[in-house]
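Since the structure comes first, as structure tokens, the remarks are kept for the end.
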Amino acid sequence: LGLAGRKKHALSVYFLSEDASCPGAEGQPRTTPERAAAVLGPEHVYIEDGSHETREAAFKHYRFSLLCGDFTPEPFPPPALVYAIAYVAYALVPEYLHWRSSRLHFHLPDAAQGYRTIDVLGLEPYLEDMVSN
């Protein structure tokens, strides 16, 4: 599906549903679709609708993708993680999903990074600096 070629954008945020969110650090708000859109712009926020087109758009042109929501009831591995790997978008995933992926395949955790809490504010410049510095 994907190639590790030049990517157009640094970061997308993918939500399992309109009600999904990522836990914020202590004293910080949760990352909701509205908060992510306000920080990154709505064109970089994607909400799962079950379509190939949405998943492709969420990962194909991005170096990193933040996955938000409760993935515990989802089939494993979740389609979003499969698409992120296929389109060579380094996935930032909930910690338990990262842990569980290590049980599926030894190197699968290398394709993602787990988080306990995260704040989308300042994340994109941090990731850009990490790649270029």
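Within the range 45-55, can one find any residue that is among the β-branched types (Val, Ile, Thr), surrounded by 15 or more Cβ atoms within 10 Å (Cβ to Cβ) and part of a loop (DSSP other than H, G, I, E, B)? Within the range 45-55, not a single residue is among the β-branched types (Val, Ile, Thr), surrounded by 15 or more Cβ atoms within 10 Å (Cβ to Cβ) and part of a loop (DSSP other than H, G, I, E, B). Taken together, Leu127, Leu66 contain a single residue that is of a type outside the set (Asp, Glu), within 13 Å of Ser12 (Cα to Cα) and surrounded by fewer than 21 Cβ atoms within 10 Å (Cβ to Cβ), which is Leu127. Among the residues of the range 77-124, those identified as part of a helix (DSSP H, G or I), at pLDDT 90 or above and open to solvent by less than 20 Å² (accessible area, probe 1.4 Å) are Ala80, Leu81, Ala84. Take the conditions over 12 Å from the mean Cα position of the chain (by Cα), open to solvent by less than 40 Å² (accessible area, probe 1.4 Å) and under 15 Å from Gly114 (Cα atoms) and apply them to Gly24. Does it pass? So Gly24 fits the description; yes.
The values are calculated or read from the model by the stated rules, or taken from the named source; none is laboratory data. All figures in this text were calculated on a predicted structure; none of them were measured in a lab. Positions of Cβ are backbone-derived with ideal geometry, glycine not excepted, and every protein chain shown enters the neighbour counts. Accessible surface areas use protein heavy atoms only, side chains included; no ligands, DNA or RNA. Shrake-Rupley method; radii C 1.70, N 1.55, O 1.52, S 1.80 Å.
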